Each structure stands twice: as structure tokens, then as C-alpha cells.
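Take a look at the structure below.
The values are calculated or read from the model by the stated rules, or taken from the named source; none is laboratory data. Computed from a predicted structure; not experimentally measured. As a convention, Cβ positions derive from the backbone with ideal geometry for all residues, glycine included, and neighbour counts pool all protein chains shown. In case anyone asks, the SASA skips ligands and DNA or RNA and just uses the protein heavy atoms, side chains included. Shrake-Rupley method; radii C 1.70, N 1.55, O 1.52, S 1.80 Å.
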Amino acid sequence: MEADSSLLSSEMELQQQEELYQQLLIQTMGKMQSENPRDSRVIRPQPGLCVKTFTLPDKRKVFVNICQSAAVPPPPPLSREALVELLESEDPTGYRVPMSIGEAHTEVDNNSQGCTAYDVVISEDFFQKCQKDPLFQQFLIAVSLEGLENKYNLELSRDWKVLKNRKFLGSVNEQNIRTKSKPVIQEIEPKDTHTAPEPAKRPEFCLLVEPPVGDPEFLIAEIQLPGVASSLSLVLDLGEDRLVLNARPSLFHLDCFIPFFIDQEGSVAQYNTNTQILTVTMPVVSS
């Protein structure tokens, strides 16, 4: 991805170009997020169960309201036997539970003391399944705590307790959930070309880290797609640590894992029809 030459003077050094690129990148991400309100919808989740735990090492009291909604998609089917194998495997994080994690809100507990509460919304069907099996419920609580830790850079105790007589602490708040997981692909410099269908193959690509030294802030995937005339034929899905790309009709297929957790909503994709390179810029979620 090259910076617009009209924005740069011929005297700019490479370091200045890189700084300007970062500034433009951040501005573009903010603009795309604000211009796509239709990619989300507001829901009012239903109470489910309330989990009490505390932060580490300062032991501040935290309540997690695990809520349910039919608007959140369920995770892939998982039997009890498969769950046991998953928990015993070396990488239990390979199974993802779709969830919407809300902002922290201050509440008052039964002792009239201030505390922090978070709302986590999952699929209504999956919640009901977890209610019927204690093992699934423990798994649900574990992934909810992990999701909060990853999003808000917390460390939460696994010495948690499910409140028996309370399904929710505070009041049920509306949440804004994403309805589209695909970043918008912008097309630049369109060009009329035609190509015959061919069997899907893995495209050549490279993954760049910015900055190259120190903690990464962005991952940039540059994917070569020779023969793809338009971004309209591209279907791109981004997960927390996974990129899946299909170029129709059956030209290319790429499914790769990413070595860092990324901000899906803040990611930007741009297809250059001259170079026939798709550039996907993904902000890294700080750990």
C-alpha cells in the first residue's frame, strides 16, 4: 500500500513518510467506523446468570452478567465428549464462542459497596445448553472471563461464584452488536480485465508488522490476487486471530491464523486493481 504522492513532498525522508502513513491509517480507520452505523444493531439482552469474582492483584470486586439474545449467533455444534477433549487439548482456545462484551458500569452490591459490573451477551440457544450441563456452564464462564481480560487488559480470579438468587446486577442495558463481520473493501483505480474461472488456489501473501521493532501496533497483510478484476468478487472474513479470503468464482482461497489478536472492527481492506493486491490493515489488540 503506497501513500498518495500528492500528500508528500519530494524532500520527505523515509521516516517522515512512515509517520504520515500511520497518521492517515488511523484517520481512515476512525472514519470507516463512524460511517458504517448500518453494520450494527441495538439489542436488549435477556438476563442469564451473574458471576462474582475479583481483579488481581488488587482484589477489586467484579460482577459479570452473562446475558442471552437470539441476535447473537451460536458457536459451532459441540458435544460434551468434544468439550472434554477440547479442555484436555494443548490449545483449548481454538473453539470460539461469539459474544458481545459491553462497557464497565458501576453498581452497588448487597453490602451497599461500590463495584464494577460487565455485561457479556451470548447466543440464547448456547446459553440454554450451558444451563443444562455444569461442565458447559463452567466453560462458558471461563471464556467470558477470558474475553473480558483480552478486551480490557484485566486479570480476573478464577475463584468465581455464581449468584443463586440473582440473574443480573444493576439494570439490563441495550448493547450495540455488529451485524457484519466483513470489513468494507475499497476499490481504487478500476480497470476492465477478464479472466477465466480456474480451481481455487492459495494466493501468495506476506504479513508485515508495524512498527518492525517493539510491540506491534498493526499487522498488514498483502495478498496477491492475479486475475481478480474487481473487489466485488472478494469475500473477506476476519476473526480475532484468523483471516479467511475467497475470490469468486473459485479463483483463490486463503485461510490463515494470525499470530496476534486483532481489532476486527478497526480493520481496513483495500483492493488495488492495477497491482491486483489486496491490503488488509489490522490493529493489534494490546495484551
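Figures for the structure shown
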{"item": "Residues being touching an Asp or Glu at 6+ places or on another chain (Cβ under 7 Å), assigned to a loop (DSSP other than H, G, I, E, B) and surrounded by 14 or more Cβ atoms within 10 Å (Cβ to Cβ) - total across segment 146-170", "result": "2"}
{"item": "Members of segment 94-107 that are of a type outside the set (Gly, Ala, Ser) and surrounded by 12 or more Cβ atoms within 10 Å (Cβ to Cβ)", "result": "Tyr95, Arg96, Val97, Pro98, Met99, Ile101, His105, Glu107"}
{"item": "Residues located in segment 114-133, provided they are part of a strand (DSSP E or B), over 18 Å from the mean Cα position of the chain (by Cα) and more than 17 Å from Val162 (Cα to Cα)", "result": "Gly114"}
{"item": "Residue selected from segment 208-233 under the condition among the charged types (D, E, K, R) and over 20 Å from Asn274 (Cβ atoms), by the criterion surrounded by the most Cβ atoms within 10 Å (Cβ to Cβ)", "result": "Glu210"}
{"item": "Glu146 in contact (Cβ under 8 Å) with a residue 60 or more places away in the chain and either under 19 Å from the mean Cα position of the chain (by Cα) or closer than 24 Å to Pro283 by Cβ (or both)", "result": "no"}
{"item": "Single residue of Asp125, Asp133 found to be closer than 14 Å to Pro98 by Cβ and charged (D, E, K, R)", "result": "Asp125"}
{"item": "Count of residues meeting criterion [touching a Cys at 6+ places or on another chain (Cβ under 8 Å) and assigned to a loop (DSSP other than H, G, I, E, B)] in segment 95-113", "result": "1"}
{"item": "Qualifying position, being outside any loop (DSSP other than H, G, I, E, B) and crowded, with 18+ Cβ neighbours inside 10 Å, among Gln138, Gln68", "result": "Gln68"}
{"item": "In segment 43-63, the residues that are open to solvent by 90 Å² or more (accessible area, probe 1.4 Å) and modelled with pLDDT under 90", "result": "Arg44"}
{"item": "Selection from segment 257-276 of residues that are farther than 22 Å from Lys151 by Cα and surrounded by 15 or more Cβ atoms within 10 Å (Cβ to Cβ)", "result": "Ala269, Gln270, Tyr271, Asn272, Thr273, Thr275, Gln276"}
{"item": "Residues of segment 71-94 classified as within 20 Å of Pro134 (Cα to Cα), assigned to a loop (DSSP other than H, G, I, E, B) and modelled with pLDDT of 85 or more, total", "result": "6"}
{"item": "Residues (out of contact with any Gly (no Cβ under 8 Å at 6 or more places or on another chain), open to solvent by less than 60 Å² (accessible area, probe 1.4 Å) and assigned to a loop (DSSP other than H, G, I, E, B)) located in segment 234-252", "result": "Gly239, Asp241"}
